[in-house]
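Just so you know, all these numbers are worked out from the coordinates, no wet-lab data involved. Computed from a prediction, not measured in an experiment: that's the story for all the values here. As a convention, Cβ positions derive from the backbone with ideal geometry for all residues, glycine included, and neighbour counts pool all protein chains shown.
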Amino acid sequence: MSTATSPTAAIAQPGSPVADPSVNGASALNTNLPAAGMSSEYSEIPTPTSAAPSTANPNSASLYVGELDGSVTEAMLFELFSSIGQVASIRVCRDAVTRRSLGYAYVNYNNSMDGERALEELNYTLIKGKPCRIMWSQRDPALRKTGQGNVFIKNLDGAIDNKALHDTFAAFGNILSCKVAQDELGGSKGYGFVHYETAEAASSAIKSVNGMLLNEKKVFVGHHIPKKDRMSKFEEMKANFTNVYVKNVEPETTDDEFRQLFERYGDITSASLAHDNETGKSRGFGFVNYIRHEDASKAVDELHESDFKGQKLYVGRAQKKHEREEELKRQYEAARMEKVSKYQGVNLYVKNLADEIDDDELRQVFEPFGTITSAKVMRDTLPAEGGSESPPKEEKKDEESKEEGNDDKKDGEEDSVEGVTKEMDKVTIKGEKRILGKSKGFGFVCFSNPDEATKAVTELNQKMVHGKPLYVALAQRKEVRKSQLEASIQARNQVRLQQQAASAGMPAQFGVQP
């Protein structure tokens, strides 16, 4: 395995690869060791974005250790890395508020030779069942930002992990970092990056591996293009599109009719409708590719929302999957923000409600303070008998016949007040009938303007209703409540730690940071 021989820039990207358990012959770690070898001075500094060899000792070496399980501690890392040589300090980077591990750490040796040995012998060692990824770490990101020596690989087989990718490309030069992109579940996204120490090594890898078969899949290997350059090229492609997407096409339309419709606007290279693989019927959408951008633009302008065989067509520029996803995400975010602004300052949260208070009584309590657009007491729900909203047809017939017989016998006795009340207490949630149960003790009241809502908060907060004091406040979104709760927890922890430090006779500034 080829590795870098000096501390150089490295990309620090946490992830969760899956690899062969026999990697490097790693032995099981004793995860119950006490934290040892930790520098108290090192624990005082804030979480760094990267770590570099100490300027006080030019022979020291700092390593980035990524792909760590969230439960990995400094003690576990010390046990592993101290087997190579004397460890100066270890830092597992954590979230400033929650103190959860970010999945990566920095290990500092006093001797650069120990760092090289650790990189050679411990890379991809299993820690808590996950292979770690070790690289040199340096504060200066200049080499990473220039992109020199950075290679992009796509169409990777799902079985190829970080180690397999590293072993494949290590023959062409010293590798600074190697990473297979992963999704939220830890599975491969089918592409990755290899960052070489020199541009010559990157060019050699591209020349040798591009177009080769890896695990029976032909891979593409090329120079990595920065996102800014890719976006500018993408915008240029959008402005000069030739491929057109068409939907809402009448199912009986043939491929020839579809082609003739679009040929009126210019020469096309292809025009096809999507068909069902089993029935062969049209799925109602297709693609048309023109030779010239001007013809494609004209077809979009004139045919979009035009009537064809009794259906209004959608005609627009064909988009890639990621582009559609981003557009839908923007639309969702815009709708969410519009909803937030609509109810900002007018929606009230009310808790400590008595069990007997229903929607109508809640409205009556707040009506003196302004116009109410909605008032709702939150209630438990139970599955209704019969389950789904629409029972099978045969069951419906049986029920109808039973109801007719009952009508003959009971002369309409079912129309009691109790039966009407039960029907009113039924709701349909996601297609399932549910029965509303008792109150959860809280609810929401929405006013028509902020002034009315503010007045209601001032007048009704702590007011006794049915022998219980109401809590009334402006409703907050979940993420706002979460951030406030985390901030209050952090403040309490800080006070507690300062009190512990004071009781131990230490100045507050030397207390352990949370």
The range 317-386 - Rg over Rh from alpha carbon coordinates, Kirkwood radius: 1.21
Principal axis dimensions, the range 200-303 - Cα atoms, whole angstrom, descending: 56, 36, 21
For the range 95-252, average projected area of the Cα convex hull in nm²: 15.8 nm²
Charge-dipole axis of the range 193-306 as Lys and Arg at +1 and Asp and Glu at -1 on Cβ define it, positive-most pick from G286, L303, L214: L214
Per DSSP, loop GluC sites (Glu not before Pro) in the range 247-355 with at most 10 further Cβ within 10 Å: E252, E278, E305
The range 178-274: trypsin sites (Lys or Arg not before Pro) in DSSP coil with no more than 13 other Cβ atoms inside 10 Å: R264
Solution diffusion estimate, µm²/s, Stokes-Einstein, the range 300-358, Kirkwood Rh from C-alpha pairs, 20 °C, viscosity 1.002 mPa s: 132 µm²/s
Per principal axis, descending, Cα span of the range 67-186 in whole Å: 39, 34, 27
Net charge of Cβ neighbours under 12 Å - reference D295; Lys, Arg +1; Asp, Glu -1: -2
Out-of-range pairs (alpha-carbon distance over 20 Å; input K130/K218; K247/K298; K351/K468; K339/K438): K130/K218; K339/K438
